[in-house]
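Notes follow the structure.
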Amino acid sequence: MHSLIDYIGSMITGGAVFIMMVSYYTSISATAIMQVFNSTTQEDVTSITEVIEYDFRKAGYRVTDSVAFATIDSNSVALRGDYDNNGTMDTVKYWLSSELIPGAESSSAKTLYRREGNSTVRLTTNGVSRFRIWYYDRDGNATSAKKSVQFARIALHVEGKLSYDGERASAYWERLLKPQNVR
């Protein structure tokens, strides 16, 4: 009789340990999947922001009329400068599309575009839920006049395409960018 009770007790204890191990490995797997999603989204934001920072650093280079910002808006900007160092003015424009990405799981995922000359490039495969630009004059006051813009603050929020257990990877970046050639 005692051996039967010991056997049943061992089965219950073994089953509990087995269930704990399965839930532990499930939790580890979920964490690993979210870490991969987060890393991919962060890498995407890093790639985008390197391009944006480069273009803002070069804005105003060899501009003769001192207007480095060709157009300014809260969701778009066009920068002027000699980006390819060939002596002619180039315009680089950034804007957030007005349409949502078809088939995206996020309800606010849009596409961020960059145009240089006649070439338009989609900057990310993930959805951008926020791309906002604020413009400031020499004294740090907000401005909407192209000629008085000296620097800009950009906010970018990117959401991953995929979700796991209802969680979506996302990354936020905000920076104050001061073009070197704008005086």
Q: Within segment 76-104, work out how many residues are in a loop (DSSP other than H, G, I, E, B) and surrounded by fewer than 14 Cβ atoms within 10 Å (Cβ to Cβ).
A: 7
Q. In segment 150-164, how many are out of contact with any Asp or Glu (no Cβ under 8 Å at 6 or more places or on another chain) and closer than 14 Å to Ile133 by Cβ?
A. 3
**Q.** Residue among Asp44, Asp84 that is over 21 Å from Tyr135 (Cα atoms), free of Cβ contacts under 8 Å to residues at least 40 places away in the same chain and in contact with a strand residue (DSSP E or B) (Cβ under 7 Å, 6 or more places away or on another chain)
**A.** Asp84
Q: Could you check, for segment 19-31, whether at least one of its residues is in contact (Cβ under 8 Å) with a residue 60 or more places away in the chain, over 27 Å from Arg132 (Cα atoms), assigned to a helix (DSSP H, G or I) and over 17 Å from the mean Cα position of the chain (by Cα)?
A: yes
**Q.** Residue list for segment 127-169, restricted to those being touching a helix residue (DSSP H, G or I) at 6+ places or on another chain (Cβ under 6 Å), within 30 Å of Ser39 (Cβ to Cβ) and modelled with pLDDT of 90 or more
**A.** Val158
Q. Out of (1) touching a residue at least 24 places away in the same chain (Cβ under 8 Å); (2) out of contact with any strand residue (DSSP E or B) (no Cβ under 9 Å at 6 or more places or on another chain); (3) more than 19 Å from Lys147 (Cβ to Cβ), what's the single condition that is false for Val51?
A. (2)
Q.
Quick check on segment 123-153: of everything there that is in a strand (DSSP E or B) and of a type in the set (Val, Ile, Thr), which residue is farthest from Val63 (Cα to Cα)?
A. Val128
Q | Checklist (1) surrounded by fewer than 18 Cβ atoms within 10 Å (Cβ to Cβ); (2) in a helix (DSSP H, G or I); (3) modelled with pLDDT under 90 applied to Val51, failing item | A | (3)
Q. Quick one: which of Ser144, Ser108, Ser148 is without any contact (Cβ under 8 Å) to a residue 40 or more places away in the chain and either farther than 30 Å from Gly166 by Cβ or of a type in the set (S, T, N, Q) (or both)?
A. Ser148
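The values are calculated or read from the model by the stated rules, or taken from the named source; none is laboratory data. Quick caveat, the model's predicted, so the values are computed rather than measured. Heads up, the Cβs are rebuilt from the backbone with ideal geometry, glycines too, and the neighbour counts pull from every protein chain shown.
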